[in-house]
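Every number here is computed from the coordinates shown, using simple stated rules; none is lab data. For clarity, every value in this text was computed on a predicted model and none was experimentally measured. Here the Cβ positions follow ideal geometry from the backbone for every residue, glycine too, while neighbour counts run over all protein chains shown.
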Amino acid sequence: MRHYEVTFIVDPVLSGDEVKSTAEHIQNELRQAGAELVAVDELGLRQLAYPINKRSSGIYYCIEFKCESAAWLGKFELNMTRNERLLRYLTVKLDKYGVKYNDDKRNGRIGKRKPETTTTEDGGDLAPAVVNLDA
Amino acid sequence: MAASREDVKFLSNPKIGLRRKKYCRFRKFGIKYIDYKDAEFLLQFINEQGKILPRRITGNSLKYQRRMATAVKRARHLAMLPFVGDLLK
């Protein structure tokens with residue numbers, strides 16, 4: 001099972017319904033291609049760090065999905081390029097640490113980072129990895 | 001009368017000139033994944049102009065410096081961090 005994450009930015013000038021329908025359309029495309037959606041995150045309207053297509057803000061969505069084989073990803077990305085309502089997109093393959101991080105984030109186990117604390121963010125599971133180096 | 005040399009030496013902290021130990025915060029706290037969507041976190045590793053800070057300043061190990069750099073570049077692509085900035089902090 002391969003885990004991927006696609007983050008895309010929707011044009012902010014569209015009405016709320018159109019934005020939702022764009023996100024729905026992307027999700028349907030993923031489902032039709034046989035991917036199983038793990039999570040859909042709407043990061044909402046955000047200020048862009050630099051203007052894209054003369055717009056200074058955008059609506060961010062992040063969809064995490066998993067599938068067996070991803071030969072269809074090329075076509076999926078091509079469709080996103082052709083979609084006029086999307087400003088940018090980024091598809092990333094998640095390794096096991098990424099999957100775990102996303103999972104922890106959704107379950108609230110990752111809070112504000114404090115460099116002075118001695119507890120690790122990923123709990124005790126990574127302690128064995130450190131111990132193995134000494135062995 | 002006047003304080004002797006030995007007394008004066010320990011009136012201030014004798015460790016005052018020593019450098020703080022630099023360490024890789026990812027190795028130390030067991031952080032294995034750097035999220036490119038977390039712009040606040042990544043701000044620690046870029047300077048006010050938006051440039052990525054070198055390893056000798058951040059103290060990262062090579063492995064995590066590279067991961068951090070790819071995370072910053074992805075964030076720049078998604079317009080969460082600027083390519084060129086001014087007075088970012």
Subject >> Cα pair count fraction exceeding 18 Å, expressed as % - the range B:25-89 >> reply: 30 percent
**OP:** Would you calculate, for chain B, the mean residue ellipticity at 222 nm contributed by helices, counting each DSSP H stretch of 4 or more residues as -39,500 (n - 2.57) and dividing by all residues, to the nearest 500?
**Re:** -9500 deg cm²/dmol
**OP:** State which entries of A:LYS54/B:LYS37; B:LYS37/B:LYS89; A:LYS66/B:LYS51; A:LYS93/B:LYS37; A:LYS75/B:LYS51; A:LYS105/B:LYS73 exceed 26 angstrom in Cα-Cα distance in the structure shown.
**Re:** A:LYS66/B:LYS51; A:LYS75/B:LYS51
**OP:** Please give the average number of partner chain Cβ atoms lying within 10 Å of the Cβ of each residue in B:24-32, rounded to a whole number.
**Re:** 5
Original post:
Could you give the distance between the Cα centres of the range A:31-82 and the range B:10-86, to the whole Å?
Top reply: 27 Å
**OP:** For B:LYS51 paired with A:VAL13, estimate the spin-label separation in nm (one decimal), with each label point 7 Å from Cα along the Cα-to-Cβ line.
**Re:** 3.6 nm
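Can you list which of the GluC sites (Glu not before Pro) found in the range A:47-96 are DSSP loop residues with at most 12 other C-beta atoms within 10 Å?
Those satisfying the criteria are A:GLU68, A:GLU84.
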Subject >> Separation of the B:ASP86 and B:ALA69 label points, Cα + 7 Å toward Cβ, nm >> reply: 2.8 nm
Original post:
Over all residues in A:50-59, what is the mean tally of Cβ atoms on other chains that come within 10 Å of each residue's Cβ?
Top reply: 2
**OP:** Treating cross-link reach as a plain straight distance, find the lysines whose alpha-carbon is under 18 Å from the alpha-carbon of B:LYS22, omitting any fewer than eight places away in the same chain.
**Re:** A:LYS114, B:LYS63
**OP:** Between A:GLN32 and B:ARG19, with labels modelled 7 Å along Cα→Cβ, what's the label distance in nm to one decimal, could you check?
**Re:** 5.9 nm
Original post:
Efficiency by 1/(1 + (r/R0)^6): what FRET value for A:GLU24 and B:GLU40, r their Cβ-Cβ distance, R0 = 22 Å, to the nearest 0.05?
Top reply: 0.15
Subject >> Residues in the range A:5-43 that a label on A:LYS96 would reach, taking backbone N under 12 Å of a point 7 Å out along Cα→Cβ >> reply: none
Original post:
How many partner chain Cβ atoms sit within 10 Å of a residue's Cβ in peptide B:75-87, on average, as a whole number?
Top reply: 4
**OP:** For A:LEU48, enumerate residues with amide H under 5 Å from its amide H, sequence gap 5+ or separate chain, H modeled in the peptide plane.
**Re:** A:SER57, A:GLY58
